[in-house]
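Peer 1: Below are the structure tokens for one structure; questions will follow.
The values are calculated or read from the model by the stated rules, or taken from the named source; none is laboratory data. Note that this is a predicted model, so its numbers are computed, not measured. Ideal geometry is used to build each Cβ from the backbone, glycine not excepted, and the neighbour counts take in all protein chains shown.
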Amino acid sequence: MRSSTQTRKTKETDIDLTLCLDGGDISVDTGIGFFDHMLTAFAVHGGFGLQLRVTGDLHVDCHHTIEDTGIVLGKAFAQALGDKGGIARFGSFYVPMDEALAFCALDVSGRPFLVFQGEFAQEQVGGYDSCMTEEFFRALAVHAGITLHLRLEYGKNAHHCIEAMYKAVAHALRLACMRTGGEVLSTKGIL
């Protein structure tokens, strides 16, 4: 079973997370309704099992809760994928959501990098600061060891734009994590 359980406790957040790349139950509680919605959509569209509980310093703002969740989820992906042998490694996907269109291309390479292109017409969606979308995906990419290119092609409604981005990453990751058998997909022999 390709899974990982992670805990992280700091003065700002307390996180318990279990991720299964091959599916399973989904339960998300971060204290930020829209973020719960995004992570639930991420798990559903990626075909991942995800159990997540976060207690964060929301009296300050949503920043630490969202970024730290990205850190922990990234570490879980890195551990669940192990040496990355026998997976497709690359994934890309477009997701339309009403007037919005998002695109993701990624490489589970062990080389963390984020290229993020997206501007949002509304600064907030519920208790979620739209600018935290980039911070979340940066934390995820860095700690999972993923080269992640994520682009909002266009859109007007921040809810639709952000959700299309989360779903595009989920589908691209699902494709990249697919089992293919065999060795690590690299001329080096390791990633």
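Peer 1: Name the single residue, out of those in region 83-117 being assigned to a loop (DSSP other than H, G, I, E, B) and among the charged types (D, E, K, R), that is surrounded by the most Cβ atoms within 10 Å (Cβ to Cβ). Spell out the reasoning first.
Peer 2: As a first pass, look at region 83-117 and keep what is assigned to a loop (DSSP other than H, G, I, E, B): 83-86, 88-89, 98-99, 108-112.
Now narrow it down to the ones that are among the charged types (D, E, K, R): 83-84, 89, 98-99, 111.
Details: Asp83: 11, Lys84: 19, Arg89: 21, Asp98: 13, Glu99: 12, Arg111: 11.
Among those residues, the one meeting the criterion is Arg89.
Peer 1: When you look at His59, is it under 17 Å from Phe136 (Cβ atoms), surrounded by fewer than 22 Cβ atoms within 10 Å (Cβ to Cβ) and modelled with pLDDT of 95 or more, yes or no?
Peer 2: On the way: under 17 Å from Phe136 (Cβ atoms): no; surrounded by fewer than 22 Cβ atoms within 10 Å (Cβ to Cβ): yes; modelled with pLDDT of 95 or more: yes.
No: the conditions fail for His59.
Peer 1: Select from region 153-166 the residues that are surrounded by 23 or more Cβ atoms within 10 Å (Cβ to Cβ) and of a type outside the set (Asp, Glu) and list them in ascending order. Lay out the reasoning, then the answer.
Peer 2: Restricting attention to region 153-166, the residues satisfying the condition of being surrounded by 23 or more Cβ atoms within 10 Å (Cβ to Cβ) are 155, 161-166.
Matches in region 153-166: Gly155, Cys161, Ile162, Ala164, Met165, Tyr166.
Peer 1: Hey, another quick one. Does region 90-115 hold any residues that are aliphatic (A, V, I, L, M), under 18 Å from Glu134 (Cα atoms) and out of contact with any His (no Cβ under 6 Å at 6 or more places or on another chain), and which are they? Can you show your working first?
Peer 2: Residues of region 90-115 that are aliphatic (A, V, I, L, M), as a first pass: 95, 97, 100-102, 105-106, 108, 114-115.
Still in the list and also under 18 Å from Glu134 (Cα atoms): 95, 100-102, 105-106, 114-115.
Across region 90-115, the qualifying residues are Val95, Leu101, Ala102, Leu106, Leu114.
Peer 1: Could you tell me which numbered condition His64 fails, if it satisfies all but one of (1) more than 20 Å from Leu175 (Cα to Cα); (2) out of contact with any Gly (no Cβ under 7 Å at 6 or more places or on another chain); (3) part of a helix (DSSP H, G or I)?
Peer 2: Every condition holds for His64 apart from (2).
Peer 1: If we keep just the residues of region 118-133 that are farther than 18 Å from Leu73 by Cβ and aliphatic (A, V, I, L, M), which is surrounded by the fewest Cβ atoms within 10 Å (Cβ to Cβ)?
Peer 2: The qualifying residue surrounded by the fewest Cβ atoms within 10 Å (Cβ to Cβ) is Ala121.
Peer 1: Give me a count of the residues in region 134-152 that are touching a residue at least 24 places away in the same chain (Cβ under 8 Å) and either surrounded by 24 or more Cβ atoms within 10 Å (Cβ to Cβ) or in contact with a strand residue (DSSP E or B) (Cβ under 7 Å, 6 or more places away or on another chain) (or both). Steps first, please.
Peer 2: First, the residues of region 134-152 that are touching a residue at least 24 places away in the same chain (Cβ under 8 Å): 135-152.
Those still in the list that are either surrounded by 24 or more Cβ atoms within 10 Å (Cβ to Cβ) or in contact with a strand residue (DSSP E or B) (Cβ under 7 Å, 6 or more places away or on another chain) (or both) too: 136-138, 140-141, 144, 146-152.
Here the count works out to 13.
Peer 1: Mind listing just one residue for me: the one in region 1-38 that is in a helix (DSSP H, G or I) and in contact (Cβ under 8 Å) with a residue 40 or more places away in the chain and, of those, surrounded by the most Cβ atoms within 10 Å (Cβ to Cβ)? Show your work before the answer.
Peer 2: First, the residues of region 1-38 that are in a helix (DSSP H, G or I): 33-38.
Narrowing the set further to residues that are in contact (Cβ under 8 Å) with a residue 40 or more places away in the chain leaves 33-35, 37-38.
On the way: Gly33: 12, Phe34: 20, Phe35: 28, His37: 18, Met38: 25.
Per the stated criteria, the residue is Phe35.
Peer 1: Could you say which residue among Glu119, Glu183 is over 13 Å from the mean Cα position of the chain (by Cα) and farther than 28 Å from Gly23 by Cβ?
Peer 2: Numbers: Glu183 fails: farther than 28 Å from Gly23 by Cβ.
Of Glu119, Glu183, the one residue that is over 13 Å from the mean Cα position of the chain (by Cα) and farther than 28 Å from Gly23 by Cβ is Glu119.
Peer 1: Could I ask something else about it? Quickly run through region 42-56 and pick out the residues that are outside any strand (DSSP E or B) and buried (at least 17 other Cβ atoms within 10 Å of the Cβ). Explain how you work it out, then say what you get.
Peer 2: Pass one, region 42-56, residues outside any strand (DSSP E or B): 42-48.
Correct list: Phe42, Ala43, His45, Gly46, Gly47, Phe48.
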